[in-house]
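Taking it in order: structure first as structure tokens, then the write-up.
The values are calculated or read from the model by the stated rules, or taken from the named source; none is laboratory data. Every value quoted in this text rests on a predicted model; they were computed, and no experiment measured them. Note that we place each Cβ from the backbone using ideal geometry, even for glycine, and neighbour counts take in every protein chain shown.
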Amino acid sequence: MQKRMSDMFPARRDVLRLGGYGLLGAFADQALFPIRAQAAGRSSPRGTARFAIVIELAGALSHTDSFDFKENAGTQKDFDVRPIRNDLYLSNRLFPELSKEMDRVTIVRSMKSHEVVHFRGQYYTQAGRPLNPAQAPEIPAVGSVVSYELESKRRETDSLPTYVGCNLDTAGCGALTTGFLHPRHSVLDVSLNDVGSKALSADALSVLEERYTLLRKLDQSMAPARSGRDRKLSSFGSFQDSAYKILGDPRWPKAFGFSDEEKKRYGANSVGLGCLLARNLVKADAGARYFHVTHPGWDHHKNIFEHKSTDNHYKHCNDFDRAMANLMRDLAAEPSPREKGKTLLDETMVVMVTEFGRTPGALNGVKGRHHYNAAYLSLFAGGGVKPGRILGKTDAAGEQVVESGWKHGKSQIKTENIYASIYSALGIDWRKEISDTPSKRVYRYVDPLGATEFVVDDEIAELFV
């Protein structure tokens with residue numbers, strides 16, 4: 001009996017989404033190619049990292065129960081809070097692994113968000129700017145901008161897309177489009193809820209090659225009839241080419257080769273497997289440079305520390321704790337293949353972001369914490385970041401920022417500044433702008449026009465010095 005493709009290929013509909021959202025963006029006639037980006041001010045990108053891994057705690061971490069600990073009426077008796085170093089106390093119950101690794105991490109405690117609801121907050125976290133419905137169809141994700149900027153550095157052997165996401169489909173806003181950028185800069189979003197043995201068999205690869213060759217020949221025969229008429233078809237063709245290269249590259253299925261020991265260390269959950277995949281793709285060095293790992297479920301308005309609940313801050317903190325701690329350990333243990341004396345952690349900026357904080361003080365009437373955007377935090381490690389420090393300071397209750405921790409005085413650090421720092425570490429001029437957008441509005445990599453106030457369009461230089 002003749003074999004069908006579905007008999008040989010793993011079911012990928014819920015496992016791999018190759019730029020589907022970016023393709024929709026292009027089909028909506030928002031994509032511009034070529035585009036013209038130009039510098040808009042003085043900036044000196046540092047170029048201290050080759051890779052960036054962003055871990056998004058979607059739903060908001062309670063800052064006063066974690067890396068800006070403040071004892072209050074909501075503090076639980078079993079937290080087992082221990083001193084780590086000056087002005088840093090951590091709950092050993094919530095963060096037993098990261099407590100051992102904080103010498104690698106710098107904390108920014110002076111964050112402020114424009115947003116205080118999840119859909120907008122999650123959009124803000126992917127786009128690096130607040131949601132503007134009038135302009136949203138043409139706005140690319142930060143990862144797509146990174147892909148566009150690093151395209152000239154791709155090698156012939158680079159088969160994997162520059163921008164890889166993990167579980168972006170679990171965020172309220174989904175995976176963002178490439179906006180006006182070419183769809184080849186779209187995210188390859190991988191769902192890690194159903195990852196088993198996803199390697200393609202030899203038979204499947206043979207059939208894939210045969211059918212792809214026929215498809216290319218058919219496409220070539222029809223090319224003269226549509227020449228110059230429809231760029232959308234050429235965009236779709238670039239997706240086919242990318243998919244073919246990925247599926248035929250043995251480094252792709254190998255990246256999913258998670259051992260039982262590794263899954264136990266990192267955790268067999270969305271953030272653990274996402275960090276494992278990011279680690280493997282950094283080690284593979286096959287073209288992927290920017291990773292956005294979504295860790296969903298942090299919205300604990302009630303029962304935030306209720307042990308009987310299967311969904312609480314104990315569980316989510318422990319899952320994140322194992323994933324980030326072991327990611328840093330493994331990257332730090334792997335020598336750089338490019339620069340003697342350095343490790344992969346030296347070449348990879350690892351950043352924990354969250355949409356905003358949670359209300360300080362006593363728990364609410366349903367034993368939870370609501371949204372809070374006046375003060376919260378982010379974590380940074382590797383990729384040129386000077387480790388083991390704290391930037392910024394909040395008051396005794398964790399309600400207000402009293403020291404910003406950077407050269408811009410009382411201006412609080414925002415998500416825009418996180419991405420300016422990532423751009424800088426990757427060697428990208430974060431003050432570039434693009435004027436020939438579909439709407440004719442200028443697109444700035446870091447937009448100083450925030451939703452509620454002006455934003456300092458600068459990197460967090462103090463991370464690096």
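Take Asn92 and tell me if it is free of Cβ contacts under 8 Å to residues at least 40 places away in the same chain and more than 30 Å from Leu449 (Cα to Cα). So Asn92 fits the description; yes. The requirement of being among the basic types (Lys, Arg) and modelled with pLDDT of 95 or more is fulfilled nowhere in region 252-262; no residue meets it. There is no residue in region 141-160 that is in contact with a Cys (Cβ under 6 Å, 6 or more places away or on another chain) and assigned to a helix (DSSP H, G or I). For region 279-314, what are the residues that are part of a loop (DSSP other than H, G, I, E, B), under 13 Å from the mean Cα position of the chain (by Cα) and either surrounded by 24 or more Cβ atoms within 10 Å (Cβ to Cβ) or among the aromatic types (Phe, Trp, Tyr) (or both)? Result: Ala288, Arg289.
Hey, any hits in region 174-181 for a residue that's among the small types (Gly, Ala, Ser), surrounded by 24 or more Cβ atoms within 10 Å (Cβ to Cβ) and more than 17 Å from the chain's Cα centre (by Cα)? Among the residues of region 174-181, at least one is among the small types (Gly, Ala, Ser), surrounded by 24 or more Cβ atoms within 10 Å (Cβ to Cβ) and more than 17 Å from the chain's Cα centre (by Cα), which makes the answer yes.
The condition of being polar (S, T, N, Q), surrounded by fewer than 22 Cβ atoms within 10 Å (Cβ to Cβ), touching a Leu at 6+ places or on another chain (Cβ under 9 Å) and at negative phi holds for only one of Thr437, Thr452, that being Thr437. Evaluate region 103-120: report whether one residue or more is buried (at least 19 other Cβ atoms within 10 Å of the Cβ), touching a strand residue (DSSP E or B) at 6+ places or on another chain (Cβ under 9 Å) and assigned to a helix (DSSP H, G or I). Yes, that holds for at least one residue.
Reported count of residues in region 266-278, each being buried (at least 24 other Cβ atoms within 10 Å of the Cβ) and without any contact (Cβ under 8 Å) to a residue 60 or more places away in the chain, is 2.
How many residues does region 279-314 hold that are under 22 Å from Arg50 (Cβ atoms) and free of Cβ contacts under 8 Å to residues at least 40 places away in the same chain? The total comes to 1. Based on what the data block shows, is Phe51 within 20 Å of Ala175 (Cβ to Cβ) and either touching a helix residue (DSSP H, G or I) at 6+ places or on another chain (Cβ under 7 Å) or at pLDDT 95 or above (or both)? In short, yes.
Residue-wise test of (1) of a type outside the set (A, V, I, L, M); (2) modelled with pLDDT under 95; (3) under 21 Å from Asp189 (Cα atoms).
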site	(1), (2), (3)
Lys112	yes, no, no
Val116	no, no, no
Tyr123	yes, no, yes
Gln126	yes, no, yes
Ile139	no, no, yes
Ser147	yes, no, yes
Leu150	no, no, yes
Gly174	yes, yes, yes
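Each residue in region 130-140 was checked for being buried (at least 21 other Cβ atoms within 10 Å of the Cβ) and not in a loop (DSSP other than H, G, I, E, B), and 1 pass. Filter region 63-73 for residues that are more than 25 Å from Leu276 (Cα to Cα) and touching a residue at least 60 places away in the same chain (Cβ under 8 Å) and give the result. Of everything in region 63-73, those that are more than 25 Å from Leu276 (Cα to Cα) and touching a residue at least 60 places away in the same chain (Cβ under 8 Å) turn out to be His63, Thr64, Asp65, Asp68, Lys70, Asn72, Ala73.
Identify all residues within region 86-98 that are closer than 16 Å to Leu379 by Cα and either loosely packed, with under 15 Cβ neighbours inside 10 Å or among the aromatic types (Phe, Trp, Tyr) (or both); write none if there are none. Result: Asp87, Tyr89, Phe95.
Table: residues versus (1) touching a Gly at 6+ places or on another chain (Cβ under 9 Å); (2) outside any helix (DSSP H, G or I); (3) surrounded by 21 or more Cβ atoms within 10 Å (Cβ to Cβ).
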{"residue": "Arg42", "(1), (2), (3)": "no, yes, no"}
{"residue": "Pro45", "(1), (2), (3)": "yes, yes, no"}
{"residue": "Ala49", "(1), (2), (3)": "yes, yes, yes"}
{"residue": "Gly59", "(1), (2), (3)": "yes, yes, yes"}
{"residue": "Thr64", "(1), (2), (3)": "yes, no, yes"}
{"residue": "Lys77", "(1), (2), (3)": "no, yes, no"}
{"residue": "Arg82", "(1), (2), (3)": "no, yes, no"}
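Among (1) under 28 Å from Asn167 (Cβ atoms); (2) in contact with a Leu (Cβ under 9 Å, 6 or more places away or on another chain); (3) modelled with pLDDT of 65 or more, there is one condition Asp241 misses while meeting the rest; what is its number? Status for Asp241: all satisfied but (2).
On the given criteria, is Phe95 in a loop (DSSP other than H, G, I, E, B), closer than 27 Å to His292 by Cβ and within 24 Å of the chain's Cα centre (by Cα)? Yes.
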